[in-house]
Amino acid sequence: DLARPGFVELTAIDAKLPMDATSFAQIDAGSGTYDQKAETMRLFDTVLITGARGMDIRLDDADIDIKSSSLTSNKPVTVKRGETTIDAAAVEVQDNGKRVLFKERVKMVINRPIKRGNPPEPGAAATN
């Protein structure tokens, strides 16, 4: 856009952002904007971030500050890591994902596999 130099409109986003010297996060979104001067991105239309410190994140939209390595969203978010799922109404990710703050209506579900085996016999001593 010649009226706004350094401001880029994005569609069908498929990008990799560095997390540190050796790892990247894959980011997919329907659309967004990039402000070169402010070093910020706004992502819309279902944002999926995979591989971010072992987390998979799904958001409606996200504001990313590239300089401070932070992400915020005031819309619902779902984060999955292993057997754990966290849902919240909003999220702040700081310091390249080292600190994640979930806000409002936070719900966490841990799905652990059920261990099958013989139940302890009555009167048997518990072992640790």
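The values are calculated or read from the model by the stated rules, or taken from the named source; none is laboratory data. Since this is a predicted model, take the numbers as computed values, not measurements. Note that each Cβ is placed from the backbone with ideal geometry, even for glycine, and that neighbours are counted across all protein chains shown. Areas reflect the complete protein model, heavy atoms only, side chains present, ligands, DNA and RNA absent. Shrake-Rupley method; radii C 1.70, N 1.55, O 1.52, S 1.80 Å.
Would you check if residue 67 is in a loop (DSSP other than H, G, I, E, B), surrounded by fewer than 14 Cβ atoms within 10 Å (Cβ to Cβ) and touching an Asp or Glu at 6+ places or on another chain (Cβ under 8 Å)? Yes; evaluated as a whole, the condition is true for this residue.
Name the residue, out of 115, 103, 107, 80, that is at pLDDT below 90 and charged (D, E, K, R). Please lay out each step first, then the result.
Numbers: 103 fails: at pLDDT below 90; 107 fails: at pLDDT below 90; 80 fails: at pLDDT below 90.
Step by step, each of 115, 103, 107, 80 is checked, and only 115 is at pLDDT below 90 and charged (D, E, K, R).
Mind listing just one residue for me: the one in region 80-96 that is over 20 Å from residue 41 (Cα atoms) and not in a loop (DSSP other than H, G, I, E, B) and, of those, least open to solvent (accessible area, probe 1.4 Å)? That would be 88.
For residues that are of a type in the set (D, E, K, R) and in contact (Cβ under 8 Å) with a residue 24 or more places away in the chain, scanning just region 65-79, find the one that is farthest from residue 28 (Cα to Cα).
As a first pass, look at region 65-79 and keep what is of a type in the set (D, E, K, R): 65, 67, 75.
The next check asks that each one be in contact (Cβ under 8 Å) with a residue 24 or more places away in the chain; those that pass are 65, 67.
Values: 65: 16, 67: 20 Å.
In this case the residue turns out to be 67.
Selection of region 70-89 for residues being under 11 Å from residue 55 (Cβ atoms) and of a type outside the set (A, V, I, L, M, F, W, C) yields 78, 80, 81, 82, 84, 85.
Looking across region 24-44 at every residue that is exposed (fewer than 14 other Cβ atoms within 10 Å of the Cβ) and not hydrophobic (A, V, I, L, M, F, W, C), the one that is nearest to residue 64 (Cα to Cα) is identified as 39.
Applying the criterion of being closer than 23 Å to residue 24 by Cβ and among the acidic types (Asp, Glu) to the residues of region 80-101, the residue that is nearest to the chain's Cα centre (by Cα) is 92.
For residues in region 1-23 being among the hydrophobic types (A, V, I, L, M, F, W, C) and assigned to a strand (DSSP E or B), which is farthest from residue 68 (Cα to Cα)? Applying the filter and picking the extreme gives 12. Among the residues of region 32-64, the ones that are part of a loop (DSSP other than H, G, I, E, B) and touching a residue at least 40 places away in the same chain (Cβ under 8 Å) come to 1 in all. Here residue 60 clears all of (1) at pLDDT below 90; (2) closer than 24 Å to residue 106 by Cα except the condition numbered (1). For the criterion of being at pLDDT 85 or above and surrounded by 14 or more Cβ atoms within 10 Å (Cβ to Cβ), residue 14 fails.
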